[in-house]
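Below: one structure, written as structure tokens.
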Amino acid sequence: MKEKILVTGGTGYIGSHTAVELIHSGYEVVIIDDLSNSQQEVLDGIEKITGTRPVFAQFDLCDEAALAAFLGQHRDIKAIIHFAASKAVGESVQKPLLYYKNNILSLILLLEAMQRHDIPNIVFSSSCTVYGQPDTLPVTEATPFKPAESPYGNTKQIGEEILRDNCRAVPATQAISLRYFNPVGAHASALIGELPQGVPGNLVPFITQTAAGIRQQLLVFGKDYDTPDGSAMRDYIHVVDLAKAHVIAVQRLLKGQQKSNYEFFNLGTGKGLTVLEIIEVFERVNNLKLNYKVVDRRPGDIEKIYADTTLANEALQWRTELGVEEMMRSAWQWQQRILKHA
Ligand code: WQD
């Protein structure tokens, strides 16, 4: 009998890639998504890759009755991976209440429902944003949170604290927070990938849309940072490597391998790359020239961050396998496919 895993936000970018890896690892996947920032057609891609179409229900996790009904129909859920959340930093500054409601209230309601339905295990989608601009690099899990730069980042900090306190109060609950650095790229099949709604805020989708002629020109936000070429530095991680870490985290919970019932891990490559380096790799591996120009810094951006991955490497026995070339190649292949099917 396959163990059933609920993936909230499972038609989203990281959720869909994780659903694929869970199915490949022998799990049964059920998905809840409100489709506010994704499309139901993503299920076709998951089915084409794996041969399995996950059970899907469309509703807002803040709809308690819908959640109770769903969990009543799936009494054999062994763990939940909770991706469902709003994630646009800039939008969160404009609409903080939407972010606190969607990201915090839904987590609280999910945790309450887990207790009512005896589901002990949850993997939470967190972010390196919780660190702000670290004083020292690489950043480890022991690095204290800085005051969040945005309501979005605050919802990730608060989310982790809610999980920590809930795990203290309810010892039967087991939780792992995974702090993503910068997820990029797409599945090698080019059947699933990132589908930003509207004008992309993130670098790589803006690069691919510029290369595709959808955007006129990429603006590089700043070239006066304290980095090798002056542009800002991040730790870009292939979304498939990130997805595989979620499967390992679920296995850790199901096998009771945790050292404590609340753990958190950095998921990065441990290597920092600048914006201009990313552009160079993208142009080189895809044999094209990108139209970009350097402009002022983007307000709220940090200068540089990259992960110390020791804890995830050792405790999870997980390492990234895909390099920046594959990140940029797969991102472009995906963009070309969605262009064709637009
Ligand atoms: C990366 C770098 C920009 C766009 C955010 C969230 C984080 C996570 C990833 C969810 C920065 C530069 C970008 C552009 C540019 N999201 N840039 N021109 O800001 O590091 O992180 O997304 O978990 O939580 O905070 O990612 O891709 O927006 O920017 O020069 O058109 O690219 O200044 O240096 P960021 P990003």
Find how many whole Å separate the alpha carbon centroid of segment 148-188 from the alpha carbon centroid of segment 32-70. 21 Å
Compute the acute angle (0 to 90°) between the alpha-carbon long axis of helix 275-286 and the principal axis of greatest extent of the alpha-carbon atoms of the chain; round to the nearest 10°. 90 degrees
Listed by chain and number, the residues whose amide H is under 5 Å from that of SER177, excluding neighbours fewer than 5 places away on the same chain and using placed H, are PHE124, GLU263, PHE264, PHE265
Compute, for segment 8-167, the length of the dipole vector about the Cα centre, with Cβ point charges of +1 (Lys, Arg) and -1 (Asp, Glu) only. Units Debye, rounded to 20. 80 debye
HN-Hα couplings for segment 39-56 via Karplus (6.51, -1.76, 1.60; θ = phi - 60°), in whole Hz with x for Gly/Pro, come out as 10, 5, 4, 4, 4, 5, x, 4, 5, 5, 6, 9, x, 10, 9, x, 4, 10
Over the Cα atoms of the chain, Rg to Rh with Kirkwood Rh, two decimal places? 0.95
What ranking, highest mean first, results for peptides 32-39, 168-175 when packing means the other Cβ atoms within 10 Å averaged over each residue? 32-39, 168-175
So, with +1 on the Cβ of K and R and -1 on the Cβ of D and E, and no other charges, what is the size of the charge dipole of segment 206-321 about its Cα centre, to the nearest 20 debye? 360 debye
At 0.692 mPa s and 37 °C, Stokes diffusion of segment 269-342 via Kirkwood alpha-carbon radius, µm² per second: 219 µm²/s
Longest principal axis of the chain (C-alpha) makes with the long axis of helix 64-73 (C-alpha) an angle, in degrees to the nearest 10, of 70 degrees
Rounded to 0.05, the calculated FRET efficiency for the beta carbons of LEU105 and GLN217 at R₀ = 56 Å is 0.90
For the charge dipole of segment 1-105, defined by +1 on Lys and Arg C-beta atoms and -1 on Asp and Glu C-beta atoms about the Cα centroid, which residue among GLN94, ALA69, TYR27 has the Cα displaced farthest towards the positive pole? TYR27
How large are Rg and Dmax for segment 75-210 when only the alpha carbon atoms are used, in Å? 16.4, 50
Between the helical axis of 151-169 and the dominant principal axis of the chain, each derived from Cα atoms, what acute angle in degrees is found, rounded to the nearest 10? 30 degrees
Size of charge dipole - the chain - debye, nearest 20, with Cβ of Lys, Arg +1 and Asp, Glu -1, no other charges: 320 debye
Flagged as over-length at 20 Å C-alpha distance, from LYS156/LYS259; LYS2/LYS87; LYS146/LYS271; LYS4/LYS255; LYS146/LYS293, the pairs are LYS156/LYS259; LYS2/LYS87; LYS146/LYS271; LYS146/LYS293
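The numbers here are math on the coordinates, done by the rules we state, and not lab data. Here the structure is a predicted model, which means the values were calculated and not measured. Every residue, glycine among them, receives a Cβ derived from its backbone with ideal geometry; neighbour counts consider all protein chains shown.
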